[in-house]
1. Among residues belonging to the range A:71-84 that are more than 17 Å from the chain's Cα centre (by Cα) and within 20 Å of residue A:175 (Cβ to Cβ), point out the one that is surrounded by the most Cβ atoms within 10 Å (Cβ to Cβ).
2. Given the conditions (1) within 14 Å of chain B (Cβ to nearest Cβ); (2) more than 26 Å from residue A:233 (Cβ to Cβ), report the number of the one that residue A:197 does not fulfil.
3. Pairs please, first residue from the range A:3-22 and without any contact (Cβ under 8 Å) to a residue 12 or more places away in the chain, second anywhere and in a strand (DSSP E or B), Cβ atoms under 8 Å, 6+ apart in sequence or on different chains.
4. Out of the range B:2-27, which residues are in contact with a helix residue (DSSP H, G or I) (Cβ under 7 Å, 6 or more places away or on another chain), without any contact (Cβ under 8 Å) to a residue 40 or more places away in the chain and either within 19 Å of residue B:99 (Cβ to Cβ) or more than 13 Å from every other protein chain (Cβ to nearest Cβ) (or both)?
5. Given the condition assigned to a helix (DSSP H, G or I) and at pLDDT below 95, answer yes or no: does some residue in the range A:123-143 qualify?
6. Does residue B:137 satisfy being buried (at least 22 other Cβ atoms within 10 Å of the Cβ) and within 14 Å of another protein chain (Cβ to nearest Cβ)?
7. Quick one: would you say residue B:129 is within 27 Å of residue A:203 (Cβ to Cβ) and either within 14 Å of chain A (Cβ to nearest Cβ) or surrounded by fewer than 18 Cβ atoms within 10 Å (Cβ to Cβ) (or both)?
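The values are calculated or read from the model by the stated rules, or taken from the named source; none is laboratory data. Everything quoted here is computed from the prediction, not taken from an experiment. Backbone-built Cβ (ideal geometry, glycine too); neighbour counts: all protein chains shown.
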């Protein structure tokens, strides 16, 4: 059977990590390629890069990062942020990424999902969703709404319906980020994850809220997530990926223990 | 020199990058005339079987590949490259290369896990592979090694003695085959961390011959 995947997420701006990551000897690492190498060696099953570079002139810097990562680690990785066309996707895939993820871009141009799936295969297209809990109303029957621009703009789209629409448009995977839980380190939004995961046939990566190993266990069992995205919990060296996997393995969650 | 066969089936540079990392010289080519200049070849690919066969035929790579394997030079198939080695694929009901007797079948849509939940297709992610017999290309792997898969179809060789690696996804399926100087894997060794690199490094040193 498939193992549950543990996926560190790295935010990149102008080719550097947005926040320095503490590594061995408390050395701050700003180079995303070195951070990727560290997590690869710790047993990451996949790595997600999120490019928050504002200027489109700087996109070549990210492509250079992608090429260097592809020469350094031999596990799958995805790149998201600022991907607005099939040509943007092609550039990232040719530079060596397995998958591209589209977030607000997909909300603005849903046909981008089909176009990417047709050009590169469904498995290459990850639909990233930022979600906030809201009051249930006719257009938001699940009580979870899709937001964009870091949660500043409510789109009027229901999260569950958007996940199902994304699947039918050809997304191969969903990365489900709870804006409410993100950054709190208080645990994943289990209810949301379970709701979406039980209603789509494609894998769901839970994101937002990981602060303890138990949080990963809960979202991968009760939450029915196929994978767990992690950030601060490993960036600040509270845990290594190996620690987290050892805990999960000891608690009956199937994870990859040899790398 | 190792030849990586390019037949416009996905991005093949990841295999080349893994070989560079291992210090193994290689060349990606779609030129059938170059095949004879290589010591061994890797036949990778992602995508659909139907289109792959059209591309192979249009470059006359189908005929050259059959000849290459018949001569007995070491060959490694990966993912779609492994599937088109068989006689037929259920994907677009495609006639394939016919190098290995057997067919390629789609995972049934009703497979369930132990908790009774439907399994998602494609089979995507890390899964264990058991290697019941010894073979030089699959030597030195940790017992619980897992490999990265992305596929909806799996190979079913006519003779199970050709299967050298079994995996499980609601049903037991063939994840690796070995016969004479041909080895082929359904997973992606170039994306499977240390154990995957080990397989590639073993293949680069393998002079052929099955270790039966």
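1. A:73
2. With respect to (1) within 14 Å of chain B (Cβ to nearest Cβ); (2) more than 26 Å from residue A:233 (Cβ to Cβ), residue A:197 is out only on (2).
3. A:20/A:28; A:20/A:29
4. B:3, B:26
5. Checked the range A:123-143: at least one residue is assigned to a helix (DSSP H, G or I) and at pLDDT below 95.
6. no
7. Yes, satisfied.
Condition check ((1) within 20 Å of residue B:206 (Cα to Cα); (2) touching a helix residue (DSSP H, G or I) at 6+ places or on another chain (Cβ under 9 Å)) across all residues:
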position: B:58; (1), (2): no, no
position: B:65; (1), (2): yes, yes
position: B:72; (1), (2): yes, no
position: B:77; (1), (2): yes, yes
position: B:80; (1), (2): no, yes
position: B:86; (1), (2): no, no
position: B:93; (1), (2): no, yes
position: B:101; (1), (2): no, yes
